[in-house]
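A short worksheet on the structure shown next.
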Amino acid sequence: MKIKIPIIIISLLISNLAIAVDGMWLPFLLKTLNEQEMQEMGMQMSVEDIYSVNKGSLKDAIVHFGGFCTGEIISDQGLLLTNHHCGYGKIQAHSSVENNYLKDGFWAMNKSEELTNPGLFATFIVRMDDVTDMVLEGVDDKMDKKERQSIIDVNIDAVKAKVSKESYQDVMIRPFFKGNQYIVFVTVTYNDVRLVGAPPESIGKFGADTDNWEWPRHTGDFSMFRVYADKNNLPAEYSADNVPYQPKHHLKVSTDGVKADDFTLVFGFPGRTNSYLPASSLTQVVNTLNPAKIDIRDKALKIVGAEMRNDEKVKLQYSSKFARIANYWKKWMGESQGLIATHAIDKKLKYETDFQNAVKKKRKWRKKYGNLLGQLDQLNREIEPYALKRDYYNEIFYRNVELLKAANYLKRLESSLEENGEEGYNNYKGRLEGFFSGFYKDYEPRVDRQVFLSLMEMYYKKVGKTEIDLYLKGKGLAKKDFLMHLGQLFDNSLIKSSDKIASLFKENPDKALATLKADGFYAFAKNISAAYKPTGDKYNEKKAEFDDLMSKYMKAQMEVFSDRVFYPDANSTLRVTYGQVKGYEPRDAVIYNPSTYLKGIVEKFQPGDYEFDVPKKLLELYESKDFGPYGEDGKMPVCFLGTNHTTGGNSGSPVLDAYGNLIGLNFDRVWEGTMSDLNYDETICRNIMVDIRYILFVVDKFAGAGHLVDEMDLVHPKIKKKPKKIKMNYGPVRTKKAKARIMKTPER
Ligand code: ARG
Ligand code: ASP
């Protein structure tokens, strides 16, 4: 007998299901895992509109931009939209003090004015599939990790060889769920991507580092490029004969605007998250690693920032580098603060107690999983000193002191010659020439010297005393002479001079290496790097053990909590995340609205300031309320907030409405919520987007490049369904009772 349940009860049941909005989902699994929930949240399309291999779908308009950001195609002539901060390096490369596109903006008024960008590429996903069974064939639980990995490597090559694809396409296989699932991707990469337009920094980077990771936000963080193809619409290296790429699908643009609770979907290439770590890892991040990295960058940024404010040339040279260093410096601060504020560590501990209690109930789990957390905690304790020194070393020797980085790169000339003879030397030299060709244009030794001295002093105090004392002893120097000595090494180093490096590269390998070894700065960098090496090796060894255990812990979580639906951590592959437009309350009595307006730009305006200046034309448009068709009730919307779970790499991702139309451009998250990479919390995790209407307004009314708007398809999805009120209840993983399992957990 069939029992009929009244509709009303079903919908009550559904609305009381704990529904979370965190998660970065694989587009080809939406049907099984997410479609119902998405529709309950207001989505009006089907998941085949998002991802399909049989017909053009939204995914055909999404690209991995340069491998580090996301972009989307918004016209049938390959017009590409991404963030200003994603196009920044290229815009800067075309700029000089006389012709400063960062400062003044750039707009190609026709296709012949578009600028080429060697090295820039855009990758489309053709299709993806689960190949777990094939990749893990012949692998079992008893194998050690080496044996296991070698079988996996062989299998991966075999699967890749079998995948059918066109000659101009590529294939890659990536691990998910820490090596418990494998997905194959067929991709196609276009290498002729030209710069079409960028607003001035005073719009595209308005608020700069002060406003970065912050709400309320007023940044018009966008730039435009165009993908070119050969006459057959296939990928080709740059050629004047190339033509605009005709996409299988391009996004339609809705100017209807957004309001609180509207459904939003972000489609892009999130880089890296770590949602399933044990509490002991979070403790290490908060107590040890983040504070150290913040401290290092704090010192470097103070020095560089002061120089940039004093010197227009230094500002141009260092703006990109400064922004990169400042970005994660600030993110780590927000991350630590957010983890503390949301009691993330306590929540993880509670989750771990639940896990242990569940494991205890089954004999086979007790045996397999009973010790996992204990082992992970123990490894974290062992890893900590190595991880800390590694962070100091990498930050100082590779990220913050430019001349140390250059010296470290040069060092590999020696090993190339030893290992691969003259040919190896010449190959590596070729790559180095590439590095150095861009190095000096943006290098000011006066700035770098200060950073070097300040950070080496720190290295000595925090982690490098033993090796530096030994080095000084060898030179017959006292500790008090350390910084003076370093200053002399720096001043006399040939690496500072592009001419000297050029002549070094002209010499034969033996002579060149002899010259290099005689350079005191080079010798110092080499000495301290060699002293660091055992730490790096030890870290890698422990980290490999940790990853192996994490892979088991991941599998265990999915098996033990089999009624939950898990999403794989971000790994720079194409994902869908969805949510709603929503404000938040960062602390008691402070309430943030989800939208900002041009009025806020005028409020923040500081004439001549290096972060908050506003172009005169924008002020005039504000005064005359000349917003064209893009305004809303006499106001010009600028940015808005949503609950979409995003991370680095999602910058430039399209924000789509319930119908799949473009309504915004993702570019950031709020500071309080940057811990979403480790522990998403719905109360304070929000992503920040530019309203598409502001982008169109800037292109059309501000820049006078209306021909670009004419290229797009503007739509007005009139019938808008109000999304149902959904009770939100979140946890570290979703507790939705969807029976569909996310993946087959293969026995190993
Ligand atoms: N915080 C954003 C993201 O992680 C934007 C960074 C670029 N802007 C800046 N001022 N550094 O990438
Ligand atoms: N701003 C980031 C990006 O560049 C996005 C984020 O971390 O939220 O990808």
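The values are calculated or read from the model by the stated rules, or taken from the named source; none is laboratory data. Bear in mind the structure is a predicted one, so any value in this text is a computation, not a measurement. Don't worry about glycine lacking a Cβ; one is built from the backbone with ideal geometry, like all the others, and counts go over all protein chains shown. Just the protein is used for accessible areas: all its heavy atoms, side chains included, with ligands, DNA and RNA removed. Shrake-Rupley method; radii C 1.70, N 1.55, O 1.52, S 1.80 Å.
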Quick one: longest stretch of the chain between exposed loop GluC sites (Glu not before Pro), exposed meaning at most 11 other C-beta atoms within 10 Å and loop per DSSP? 238-746
What is the spread of the Cα atoms of the stretch 519-658 along each of their three principal axes, largest first, in whole Å? 65, 61, 34
Of all C-alpha pairs within the stretch 657-709, those more than 16 angstrom apart amount in percent to 57
For the stretch 382-447, what does the convex hull of the Cα positions come to per residue, in cubic angstrom? 99
Measuring from centroid to centroid over Cα atoms, what is the spacing of the stretch 99-128 and the stretch 40-95 in Å? 14
When the distances between all Cα atoms of the stretch 331-470 are binned every 10 Å from zero, what whole-number percent does each bin get? 9, 21, 24, 20, 16, 10, 1
Could you pull the accessible area for Ile591 with a 1.4 Å probe, rounded to 10 Å²? 120
Write down the accessible area per residue of the chain in Å², having rolled a 1.4 Å probe over the full set of protein chains. 42
Would you mind pulling out the separation of the Cα centroids of the stretch 522-576 and the stretch 348-370, in Å? 23
Taking N as its residue count, the alpha carbon Rg of the stretch 265-320 over 2.2 N^0.38 Å: 1.72
Residues whose built amide H sits under 5 Å from the amide H of Asp668, excluding neighbours closer than 5 in sequence, are Ile688
Under the Debye formula (equal points on every Cα, no solvent term), log10 I(q)/I(0) of the stretch 302-383 at q = 0.24 Å⁻¹: -1.08
At a 1.4 Å probe radius, carbon and sulfur cover how many percent of the accessible area of the chain? 52
Whole-angstrom gap from the stretch 266-334 to the stretch 168-238, using each part's C-alpha centre: 21
Over 19 Å apart: what share of the alpha carbon pairs of the stretch 34-188 falls there, rounded to a whole percent? 69
Which whole number of Å³ per residue matches the convex hull of the alpha-carbon atoms in the stretch 44-132? 157
What fraction of the Cα pairs in the chain, stated in percent, has a spacing above 52 angstrom? 13
Of Trp365, Trp25, ordered by accessible area with the largest first and a 1.4 Å probe, the sequence is Trp365, Trp25
For the stretch 357-453, how many pairs of lysine residues have a Cα-Cα distance under 30 Å, where the two are 8 or more positions apart or belong to different chains? 9
Go through the chain and flag any cysteine with no other cysteine's C-beta closer than 4.7 Å, please. Cys639, Cys685
For the chain, give the magnitude of the charge dipole about the Cα centre (Cβ charges: +1 Lys/Arg, -1 Asp/Glu; no others), in debye to the nearest 20. 2640
